[in-house]
Amino acid sequence: YGLSENGVPFYAMRMVEGQTLQQCIDEYHRRLREKSDPSESSVEFRKLLAGFISVCNTIEYAHNRGVINCDIKPGNIMLGKYGETVVLDWGCAKYVGSAGKAESVGEESLKPLSDTNSSEPSGITGGTPVYMSPEQHAQSDEIGPASDIYGLGVTLYRLITGQPAFSPDSTLSKIREAVLFGKYRKPTEVCPW
């Protein structure tokens, strides 16, 4: 970021080419509905799962360095055409400390440049309601690695079924209630195969 020669502010980010995991999931399930035999799509499904596993490894890396993403969802994951996977949008991330985990594998823990959470209570985070964990909805101080693991689970649900676990068309209060009480549709009801 900086100022151009004419004094115009600019902000540059890395260009990530490919599709979001959400786009890939939608495409996969659209093609799956058009075919009579779901087993014909097993290679494509395995590629989606490989991308998901890469995301799990990325999140584990962040957790070992004391960072919680707090906004894991298929729309925040890019899949490149050569198998590269990038987790985007760390704007809601929280630093929670790594308790020596990073040092035990010979790496330094990440540390924020400033107190990034000083203006908000420690439990409040952003995120996308249908992918947020119960503790995020409850604005609990218990937000930690389990919150991201929950987001990964809801993302996996979307990958498998092609549908969100909770209706995104519901009001925020109905989504919050469904998440807090675990009222999601069984995957076999959404996607029998």
Q. So what is the accessible area of segment 122-193 per residue, in Å², with the probe set to 1.4 Å?
A. 53
Q | HN-Hα J in Hz across segment 154-166 - Karplus 6.51, -1.76, 1.60, θ = phi - 60°, x for Gly and Pro | A | 5, 5, 4, 4, 5, 4, 6, 9, x, 10, x, 5, 10
Q) Hey, can you rank 10-23, 45-58 by average C-beta count inside 10 Å, highest first? A) 45-58, 10-23
Q) For segment 119-193, which whole-number percentage of the solvent-accessible area (1.4 Å probe, protein heavy atoms only) is attributable to carbon and sulfur atoms? A) 56
Q | Centroid-to-centroid separation of segment 13-29 and segment 125-193 [C-alpha atoms, Å] | A | 20
**Q.** Cα-Cα P(r), segment 1-83, percent of pairs per 10 Å interval
**A.** 14, 34, 27, 16, 7, 2
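The values are calculated or read from the model by the stated rules, or taken from the named source; none is laboratory data. Model, not experiment: these values are computed from the prediction. In this analysis, Cβ positions are derived from the backbone assuming ideal geometry, glycine residues included, and neighbour counts consider all displayed protein chains. Heads up: the accessible areas ignore ligands, DNA and RNA and are worked out on the full protein's heavy atoms, side chains in. Shrake-Rupley method; radii C 1.70, N 1.55, O 1.52, S 1.80 Å.
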